[in-house]
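Written out below as structure tokens is the structure these notes cover.
The values are calculated or read from the model by the stated rules, or taken from the named source; none is laboratory data. Just so it is clear, the structure is predicted and the values come from calculations on it, not from any experiment. Heads up, the Cβs are rebuilt from the backbone with ideal geometry, glycines too, and the neighbour counts pull from every protein chain shown. Remember, those area values only see protein heavy atoms, side chains included, never the ligands or the DNA or RNA. Shrake-Rupley method; radii C 1.70, N 1.55, O 1.52, S 1.80 Å.
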Amino acid sequence: MNYDTFLKEKERVAKLSEQEQKAFYGKILEEEKEPTSVRLLAYFNYAVLFYYEGNFKKAIEIMEQFIISYQSYDYIPEMISCFNVAGVACQCEGDYILSRYFYTVALRVCRQHDAVHFYAYEYNNISLTYIAQKNYVRALEYIKLAEEWLPHSDRKMGAFIFLNRSDIYTHMGMFDKALCDYEKCIEEYDAHDELPDDTIICGITLYYAMGDMTKCEEYVKRVIDRLEDMHASEFIDACKVIFDC
């Protein structure tokens with residue numbers, strides 16, 4: 001299957017059931033033996049389906065098959081996305097060191113191909129692994145590196161950076177800075193629209209830490225309202241935060 005045919009088929013298959021989508025990408029991986037862009041995209045889309053349903057181990061298993069031989073593939077931007085899916089799936093499994101390794105390799109690939117658009121994303125992702133490990137000093141170092149590269153990235157990345165920095169400052173007890181970044185990501189980067197679930201989760205943590213229980217409970221109710229639209233990883237994160245509070 002050539003690249004253009006794959007893209008057309010991908011649009012058609014997106015309207016089918018998840019099981020039918022999995023069968024489509026699985027079949028491509030069986031038939032497409034050479035390291036082509038089509039095979040790369042099939043790995044990515046196949047893994048994403050399992051990631052969204054919460055089967056993180058399966059998503060990692062699929063992506064590891066690609067990552068082992070990624071140097072055999074010609075570079076396309078989606079190669080970075082493959083490392084990121086592997087990284088976030090590992091993070092959901094609690095393997096933060098392996099997750100950080102995948103993000104670090106992704107950053108190396110970005111540098112090799114001068115893909116400056118992705119630099120902020122990878123520094124942000126690495127920061128998230130340190131947040132998960134409660135190493136907020138290191139997390140802050142990397143989120144500041146992400147901010148340095150923000151002018152080369154997109155608007156959504158700004159929402160990510162200031163939301164995550166707000167979370168870091170919250171855990172460091174620096175509530176004035178945390179609130180400032182939180183309001184900035186909403187007012188300047190439309191975080192409620194760009195990252196609705198992340199914004200709610202961060203808000204619960206922030207307002208609980210500040211002792212504003214009225215605001216905290218308001219955000220908890222927003223989680224309940226969004227349950228049907230959340231992917232598994234976001235639902236798990238929301239539950240953890242609410243339980244911690």
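So what is the 222 nm mean residue ellipticity for the chain from helices alone, if each DSSP H run of at least 4 adds -39500 (n - 2.57) and you divide by all residues, rounding to the nearest 500 deg cm²/dmol?
Numbers: 14 runs with 188 residues, N = 245.
Helix-only estimate at 222 nm: -24500 deg cm²/dmol.
Need the full-extension length gain, Asp225 to Gln133, defined as separation in residues times 0.36 nm minus the C-alpha distance. One decimal, nm. Intermediate values should be presented prior to the final figure.
Values: separation 92, 0.36 × 92 = 33.12 nm, distance 2.92 nm.
Extra length available between Asp225 and Gln133 comes to 30.2 nm.
How far apart, in nm, are two points set 7 Å out from the Cα along the Cα-to-Cβ line at His117 and at Asp74?
With each label point 7 Å from Cα toward Cβ, the separation is 1.8 nm.
Any idea of His171's accessible area? Nearest 10 Å², probe 1.4 Å.
80 Å²
Tell me, what ³J(HN,Hα) does each residue in segment 212-229 have, in order and in whole Hz, if you take phi through Karplus 6.51 cos²θ - 1.76 cosθ + 1.60 with θ = phi - 60° and put x for Gly and Pro?
So the Karplus estimates, Gly and Pro as x, are 8, 6, 4, 5, 4, 5, 4, 6, 4, 4, 5, 4, 4, 5, 9, 3, 5, 9 Hz.
Just how large is the dipole of the chain about the Cα centre, in debye to the nearest 20, putting +1 at every Lys and Arg Cβ and -1 at every Asp and Glu Cβ? Present the calculation step by step, with values, prior to reporting the outcome.
Working: 26 positive and 42 negative charges, 109 e Å.
Charge dipole, the chain, about its Cα centre: 520 debye, nearest 20.
Is segment 125-210 best put as rounded, prolate or oblate by its Cα gyration tensor, with a ≥ b ≥ c the root eigenvalues, rounded for a/c under 1.5, and otherwise prolate when a/b is larger than b/c, oblate when not?
On the way: a/c = 1.64, a/b = 1.07, b/c = 1.53.
Oblate, since a/c reaches 1.5 and b/c is not below a/b.
Can you give the charge dipole size of segment 29-164 about its Cα centre, rounded to the nearest 20 debye, using +1 on the beta carbon of Lys and Arg and -1 on the beta carbon of Asp and Glu?
Numbers: 12 positive and 17 negative charges, 103 e Å.
Here segment 29-164 has a charge dipole of around 500 debye.
Within the set of other residues whose C-beta is less than 13 Å from the C-beta of Cys92, count the net charge using Lys and Arg as +1 and Asp and Glu as -1.
Numbers: positive: Lys57, Lys58, Lys240; negative: Glu53, Glu93, Asp95, Glu234, Asp237.
Within the 13 Å Cβ shell, the charges total -2.
Between Cys239 and Met172, how many nm apart are label points set 7 Å from Cα along the C-beta direction?
About 3.2 nm separates the two model spin labels.
In terms of the Cα gyration tensor, with a ≥ b ≥ c the square roots of its eigenvalues, is segment 19-102 rounded because a/c is under 1.5, prolate because a/b exceeds b/c, or oblate? Spell out each step's value before the answer.
Details: a/c = 2.22, a/b = 1.23, b/c = 1.81.
Oblate shape, in that a/c is at least 1.5 and b/c is the bigger or equal ratio.
Once you order the gyration tensor axes a ≥ b ≥ c over the Cα atoms, which shape class does the chain get: rounded for a/c under 1.5, otherwise prolate or oblate by comparing a/b with b/c? Could you put the intermediate results ahead of the total?
Numbers: a/c = 2.13, a/b = 1.59, b/c = 1.34.
Prolate, since a/c reaches 1.5 and a/b exceeds b/c.
Of Val241, Tyr51, Tyr103, which is farthest along the charge dipole of the chain in the positive direction, counting Lys and Arg as +1 and Asp and Glu as -1 at C-beta?
Of Val241, Tyr51, Tyr103, it is Tyr103.
Work out the charge dipole of the chain with +1 on the Cβ of Lys and Arg and -1 on the Cβ of Asp and Glu about the Cα centre, then indicate which of Ile67, Gly173, Ile204 is farthest towards its positive end.
Ile67
Provide the three semi-axes, in whole Å and in decreasing order, of the ellipsoid equivalent to segment 37-170 as defined by the square roots of 5 times the Cα gyration tensor eigenvalues. Show your work: numbers first, answer last.
On the way: eigenvalues 114, 63, 29 Å².
Equivalent ellipsoid of segment 37-170: 24, 18, 12 Å, largest first.
Would you mind getting the accessible area per residue of the chain, heavy atoms of the protein chains only, 1.4 Å probe, in Å²? Intermediate values should be presented prior to the final figure.
Details: 12560 Å² over 245 residues.
With the other protein chains kept in place, the chain gives 51 Å² per residue.
At a 1.4 Å probe, what is the % contribution of carbon and sulfur to the accessible area of segment 35-183? Walk me through the numbers before you get to the answer.
Values: 3240 of 6390 Å².
Reported share for carbon and sulfur atoms: 51 percent.
For segment 53-100 and segment 173-193, what is the separation of their C-alpha centers, rounded to whole Å?
30 Å
Where in the chain is the longest stretch that carries no trypsin sites (Lys or Arg not before Pro) classed as loop by DSSP and with at most 13 other Cβ atoms within 10 Å? Please list the in-between numbers first.
On the way: sites that count: Lys15, Lys33, Lys134.
Between exposed loop sites, the widest span is 135-245.
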